[in-house]
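Colleague: Dropping the structure in here first, questions after.
The values are calculated or read from the model by the stated rules, or taken from the named source; none is laboratory data. Because the structure is a prediction, the values reported are computed rather than measured. Calculation scope for accessible area: heavy atoms of the full protein, side chains included, ligands and nucleic acids excluded. Shrake-Rupley method; radii C 1.70, N 1.55, O 1.52, S 1.80 Å.
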Amino acid sequence: TQFISAELTDDQLLLLLESLERKIVSQQLNLVRTQITPASFQGGRDYFNSSNISIMMTQEEQMLTIALVELSGVQLQEDGSAVPRDKPFEAMAALFVALYALNILSG
């Protein structure tokens, strides 16, 4: 088995702290789990349903979430596509684990 060795950056940790304070971790977890799919990491494009994020969050919370996702190696395009950058699988996996743990702990 292969272990994921990616770590979150200080900027990501600060954004996660703000997400925790705003009580939007569960929405972010759901978004990452359902919208950023493995197809994004196989050299293709995946489509990020931007209507889902706008329904769930205020504009400020949307910006926070987009920044968090983009710091994890996935560039969100205006057309709704999610384009992976350098080794996004490890970074997105680390983000997912952090969101998952925070969601359980903030329960």
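Colleague: For the full complex of protein chains and a 1.4 angstrom probe, list Phe96, Phe89 by accessible area with the highest value first.
Modeller: Numbers: Phe96 65, Phe89 110 Å².
These residues rank, largest area first, as Phe89, Phe96.
Colleague: I'd like the Karplus ³J(HN,Hα) series for the stretch 19-26: coefficients 6.51, -1.76, 1.60, θ = phi - 60°, whole numbers in Hz, and an x wherever there's a Gly or Pro.
Modeller: My calculation for the stretch 19-26 gives 4, 5, 5, 7, 6, 10, 4, 5 Hz in order.
Colleague: Next up: For Ser26, Ser19, write out the residues from largest to smallest accessible area, computed with a 1.4 angstrom probe and no ligands counted.
Modeller: Sorted descending by solvent-accessible area, the residues read Ser26, Ser19.
Colleague: Taking 0.36 nm per intervening residue step and subtracting the Cα-Cα distance, what contour gain separates Glu21 from Ser106 on full extension?
Modeller: 29.6 nm
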